[in-house]
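As structure tokens, the structure follows; a few thoughts come after it.
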Amino acid sequence: MTTNNRALPQVVSEDEWQIAREKLLIKEKELTRALDALAAERRRLPMVRIGNDYVFEGPNGTASLLDLFDGRRQLIVYHFMMEPGSDHRCRGCSSFVDNIGHLAHLNARDTTLILVSPAPLSQIEPYKKRMGWTVPWFSSNGDNFNVDCGAGKGFGLSVFLRDDDSVFRTYYTTARGVDRIRADFNFLDLTPFGRQEDWEDSPEGWPQTPPYTWWRLHDEYEV
């Protein structure tokens, strides 16, 4: 079916729709159980001790890796792409941070979430203010924290566990592993048109563009 030369899903009766929905629901439940099993396996990953000699700069001065936990046992670090002296503002990283909700819910489970970038704090703070973010953001300028975590000059997400004064690295992911956490992508995946990117398996005629090209900073969209 098309309207105004645009492809649309097939129109069926309520009963036909319910049958199709229940058929898909079986697969959704299978995937949910598979994700639960994967999370259980992730919780059983071994960990590696991390030296506590990294030095970060935050709004309240210098901080150690241990300090970044803010007294909690678990720490999630998003490695935000921002190199020293660069004017580049990563749209993907910015979209990720836009999708972070209120941190009280993580904090209630003894977990801290922060951002870390190689850029100096003087470069970070103006951009943080422009975007209106409240997520704690630290500079790792001058040390190898991002490289040692595997992010290098790119983006990624690291998870750490604290046992008294000892810090352990338990998990790292990047690329699609970070992608799946974004709320906007998950919402779009529920819609008929999806993310509307040309790598997706969508019916002929669905609106699609190359990935990344539509991404903007949230104050740069015209809609």
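State the number of residues belonging to region 107-120 that are farther than 23 Å from Gly152 by Cβ and in a loop (DSSP other than H, G, I, E, B).
So in region 107-120, the residues farther than 23 Å from Gly152 by Cβ come out as 107-112.
Narrowing further to those that are in a loop (DSSP other than H, G, I, E, B): 108-110.
Qualifying residue count, region 107-120: 3.
Enumerate the pairs (first residue in region 117-141 and on the phi > 0 side of the Ramachandran plot; second residue anywhere and surrounded by fewer than 16 Cβ atoms within 10 Å (Cβ to Cβ) and not charged (D, E, K, R)) with beta-carbon separation below 9 Å, excluding pairs fewer than 6 apart on the same chain, so at least 6 apart or on different chains.
Final answer for the pair search is Gly132/His218.
Could you tell me whether Gln74 is among the polar types (S, T, N, Q), more than 29 Å from Ser166 (Cα to Cα) and either touching a residue at least 60 places away in the same chain (Cβ under 8 Å) or out of contact with any Gly (no Cβ under 6 Å at 6 or more places or on another chain) (or both)?
no
Given the options Phe155, Phe168, name the one that is touching a residue at least 40 places away in the same chain (Cβ under 8 Å), more than 23 Å from Pro9 (Cβ to Cβ) and over 17 Å from the mean Cα position of the chain (by Cα).
Selected residue: Phe168, the only one of Phe155, Phe168 that is touching a residue at least 40 places away in the same chain (Cβ under 8 Å), more than 23 Å from Pro9 (Cβ to Cβ) and over 17 Å from the mean Cα position of the chain (by Cα).
Given the structure, is Ser140 among the hydroxyl-bearing types (Ser, Thr, Tyr), closer than 18 Å to Arg89 by Cα and surrounded by 11 or more Cβ atoms within 10 Å (Cβ to Cβ)?
In short, yes.
For the condition surrounded by 10 or more Cβ atoms within 10 Å (Cβ to Cβ), closer than 16 Å to Lys128 by Cβ and not β-branched (Val, Ile, Thr), what is the one hit in Met81, Met47?
Going through Met81, Met47 in turn, the sole match is Met81.
Hey, which of the strands (runs of 3 or more DSSP E) in region 1-106, taking only ones fully inside, have at least 2 residues that are of a type in the set (Gly, Ala, Ser), out of contact with any helix residue (DSSP H, G or I) (no Cβ under 7 Å at 6 or more places or on another chain) and modelled with pLDDT of 95 or more? I'd like the intermediate steps shown before the answer.
On the way: elements: 48-50, 55-58, 61-64, 74-79.
Counting at least 2 such residues, we get 61-64.
On the basis of being over 24 Å from Thr134 (Cβ atoms), aliphatic (A, V, I, L, M) and in contact with a Gly (Cβ under 7 Å, 6 or more places away or on another chain), does Ala34 make the cut?
It is false that Ala34 is over 24 Å from Thr134 (Cβ atoms), aliphatic (A, V, I, L, M) and in contact with a Gly (Cβ under 7 Å, 6 or more places away or on another chain).
Which number in (1) over 16 Å from Ser94 (Cα atoms); (2) exposed (fewer than 15 other Cβ atoms within 10 Å of the Cβ); (3) in contact (Cβ under 8 Å) with a residue 12 or more places away in the chain marks the one condition that Asp184 misses?
The failed condition is (1).
I'd like the full set of residues that are among the acidic types (Asp, Glu) and assigned to a helix (DSSP H, G or I), limited to region 183-223.
If we filter region 183-223 for residues that are among the acidic types (Asp, Glu), which is where we start, we get 184, 189, 197-198, 200-201, 204, 219-220, 222.
The answer is Asp184, and nothing else.
Here is a check on your reading of the model: is Glu41 without any contact (Cβ under 8 Å) to a residue 40 or more places away in the chain, among the acidic types (Asp, Glu), closer than 21 Å to Gly156 by Cβ and out of contact with any Lys or Arg (no Cβ under 6 Å at 6 or more places or on another chain)?
yes
The values are calculated or read from the model by the stated rules, or taken from the named source; none is laboratory data. Because the structure is predicted, anything quoted here is derived from the model rather than measured. A quick note on method: Cβ atoms are made from the backbone with ideal geometry, for glycine too, and the neighbour counts reach across all protein chains shown.
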